[in-house]
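Quick notes on the structure that follows.
Please treat every number below as a calculation from the coordinates, not as lab data. All of these numbers come straight from a predicted model, not from anything done at the bench. Heads up, the Cβs are rebuilt from the backbone with ideal geometry, glycines too, and the neighbour counts pull from every protein chain shown.
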Amino acid sequence: MERYVEKFVRYLDIEKNYSRHTLLNYQIDLADFKKFLGDSAIEAVDYLTLRKYLAVLKGKNLNARTIARHLSVLRSFFKFLTREGYLKNNPTLSISTPKQEKRLPLFLTEEEITRLIESALPKDERGSRDKAILETFYSTGVRISELVGLDITDVDFIGGIVKVMGKGKKERIVPIGEKAIAAIRAYLDKRKKQTDTLFLNKSGQRITTRGVRYIVKKYIRLASIKQGVSPHTLRHSFATHLLNRGADLRSVQELLGHANLSTTQIYTHLTTERLRDVYDKAHPRA
């Protein structure tokens, strides 16, 4: 199976342009399936084998979303093997995806966002960097991986736009607000090390996703905002606030870099919930 996995991962990397993070996740899930198979050959995998594997995953108390991800990886893997002629039949065709609960993404109110950003005090280089990171997150709605990958040359300070390398190594252009640009300028003015990388850690290297998560967690605590907030929550808040203020779904899809509109539609549920809440509180016969 190892040689098949190697060919599959190479295909995802070269032809599909998947990110390093996604490739690693695929390899981890396929390694788990290989461990389950033991000495059994990949050619012997059938419907019953996959059902047993899904039962094992369920026995580990994994949620439906995680099990569905494992199955999605296997679907892609076996589709590749049958298309390339390594296998005659695709055993995943008759397997149905576990039913998943639709979870609405957590988001912050506009007042909470203001509190969060203003809790970062730009007194020194680190404080200025943290404020710039929070401002940029909320102003652009980028993913954490996209934020840490930014270089100074990706930011058009005059035009107010940022060039982002998104999923599948696809570039997109997103607007960035004046407050975020001002925060980035203030950070760069205080920064000692001269490099094209936009956000640096204390060692002067490109900040990692782990470092950004720590920063967000730190200011969530300082601003006394509800727990469970992550960098992705700022992306959710960005999208929700745009829709609340009248932005159309297609535009928000473009800004977020979603390949499918259905991915963006989750945010319409959030705005509907808000409208229902307003209606229940304000209508005399609600």
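Taking Cα pairs under 8 Å and at least six residues apart, what relative contact order does the chain come out at, in percent? Spell out each step's value before the answer.
On the way: 291 pairs, mean separation 50.2, N = 286.
Taking the mean separation of contacting Cα pairs over the length of the chain, I get 18 percent.
Semi-axes of the equivalent ellipsoid of the chain are 39, 26, 17 Å, computed as sqrt(5λ) over the eigenvalues of the C-alpha gyration tensor in descending order. For segment 166-200 and segment 1-77, what is the separation of their C-alpha centers, rounded to whole Å? Computed from Cα coordinates, the inter-centre distance equals 37 Å.
For segment 2-83, lysine pairs separated by 8 or more sequence positions, or belonging to different chains, with Cα-Cα distances below 24 Å total 17.
Specify the angular offset, from 0 to 90 degrees and rounded to the nearest 10, of the alpha carbon long axis of helix 178-190 from the longest principal axis of the alpha carbons in the chain. Roughly 80 degrees between the two axes. For the peptides 116-126, 178-188, the ranking by packing is 178-188, 116-126, with the highest mean count of neighbouring Cβ atoms within 10 Å listed first. Sorting 67-76, 230-239, 128-137 by their mean Cβ neighbour count within 10 Å, with the most densely packed peptide first, gives 128-137, 230-239, 67-76. I'd like the orientation of helix 209-222 relative to the chain: the angle between its Cα long axis and the longest Cα principal axis, in ° from 0 to 90, rounded to 10. That helix lies at roughly 50 degrees to the long axis. At 20 °C and a viscosity of 1.002 mPa s, what translational diffusion coefficient does Stokes-Einstein give for segment 1-70, taking Rh as the Kirkwood radius over Cα pairs? Give it in µm²/s as a whole number. Taking Rh from Cα pairs, D becomes 162 µm²/s. The ellipsoid equivalent to the alpha-carbon distribution of segment 20-105 has semi-axes of 22, 15, 14 angstrom, derived from the gyration tensor eigenvalues as √(5λ) and listed largest first.
In terms of the mean number of neighbouring beta-carbon atoms within 10 Å, the peptides 29-36, 143-150 order highest first as 143-150, 29-36.
For LYS169, the aspartates and glutamates whose Cα comes closer than 14 Å to its Cα, not counting residues fewer than 8 places off in the same chain, are ASP13, GLU15, GLU146. Legend: ranking of residues ILE158, ILE220 from fewest to most surrounding C-beta atoms inside 10 Å; resulting order ILE158, ILE220. Look at the alpha carbon pairs under 8 Å that are at least 6 residues apart: their mean separation over the length of segment 125-263 gives a relative contact order of 30 percent. Principal-axis analysis of the Cα atoms of the chain puts helix 125-140 at an angle of about 70° to the longest axis.
Rank the residues TYR214, TYR219 as a footprinting-exposure proxy: fewest other Cβ atoms within 10 Å of their Cβ go first.
Details: TYR214 12, TYR219 20.
So the ranking, lowest neighbour count to highest, is TYR214, TYR219.
Computed over the Cα atoms of segment 110-280, pair by distinct pair, the Kirkwood hydrodynamic radius stands at 16.6 angstrom. Our Cα-only numbers for segment 152-211 put the radius of gyration and Dmax at 12.5, 34 Å.
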